[in-house]
Amino acid sequence: MKHSHDRRFDPADRAGLTSEQRRARWNPPRLLTLAGLQPGQTALDLGCGPGFWTLPMAEIVGPQGQVIALDVSPEMLEALAAENPLPHVRLLHGELPAINLPDAAVDFIWAAFVFHEVEPPAALAAEVHRVLRPGGRIAVLDWRPDAQSPSGPPRADRLSPQQAEEHLRAAGLDSVRQIWHNEDAYLLSAEH
Ligand SMILES: C[S@@+](CC[C@H](N)C(=O)[O-])C[C@H]1O[C@@H](n2cnc3c(N)ncnc32)[C@H](O)[C@@H]1O
């Protein structure tokens, strides 16, 4: 039986997650803004890695907001800490699907290239629903099974946008829709 750990991104490969090439390709502030992240919000970065999205999230929410950066990998969290994130970034070590936060604690959840790594995805969607405040929003950015790029996780491990949407709906989230895609990835948005 395949263990969910087999799907996990190897922390030894973390340098590739913060390359200039990747920044130019994804333009994090553009996608985060498109997904609805706003100044003053409390935002949660699920599977934050070394902070490729966390750092621009902190810029967008500003000092009146907060970014909680969650990852299971101590190496990833250490790499993020070494980037000297702004003071309103809080690192949270934890293993999804559990999210060690109170109910209705956050306004916005960002899940980039992590949903497909977590088993079972339905449990992750339920936790997302629990920690989002009413009116809060989740955005899921993940690999298309039919991506053009040869890189990325094994295709058999990927979630189609329809599968990811179904998990979010089943957890009770509303307005589930795809708001952007390119040849390799899709971006979904849903509201509590
Ligand atoms: C492919 S990397 C993406 C990192 C970051 N979101 C990005 O796009 O740069 C996936 C991240 O999710 C983390 N991760 C995987 N499974 C996890 C789990 N069950 N709980 C918490 N973090 C997990 C990995 O340690 C890794 O940092």
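Throughout, read-outs are computed from the coordinates displayed, never taken from laboratory work. Remember, predicted model here, so these are calculated numbers, not experimental data. All Cβ positions, even for glycine, are placed from backbone atoms using ideal geometry, and neighbour counts span all protein chains on display.
Computed values, structure above
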read-out: Surrounding net charge for GLU75, when Lys and Arg each add one and Asp and Glu each subtract one, Cβ distance under 14 Å; value: -3
read-out: Cut-off 12 Å between beta-carbons: net charge of the residues surrounding LEU55, Lys and Arg +1, Asp and Glu -1; value: -2
read-out: In Hz, Karplus ³J(HN,Hα) per residue of region 173-186 (6.51, -1.76, 1.60; θ = phi - 60°; x = Gly, Pro); value: 7, 10, 6, 6, 7, 8, 10, 6, 7, 10, 6, 10, 9, 10
read-out: Relative contact order [Cα under 8 Å, 6+ residues apart], the chain, whole percent; value: 18
read-out: Residue order, fewest to most surrounding Cβ atoms within 10 angstrom, among TRP180, TRP53; value: TRP180, TRP53
read-out: Neighbourhood charge, 10 Å Cβ-Cβ cut-off, centred on LEU188 and excluding it, Lys, Arg +1 and Asp, Glu -1; value: -1
read-out: Cβ-derived FRET efficiency at R0 30 Å, LEU86 paired with SER149, nearest 0.05; value: 0.45
read-out: Computed magnitude of the charge dipole of the chain (debye, nearest 20; Cβ of K, R +1, Cβ of D, E -1); value: 300
read-out: Antiparallel bridge percentage (DSSP; both residues within the chain; nearest 5); value: 40
read-out: Other-chain or far-sequence residues with amide H under 5 Å of TRP180's (modelled H); value: LEU187
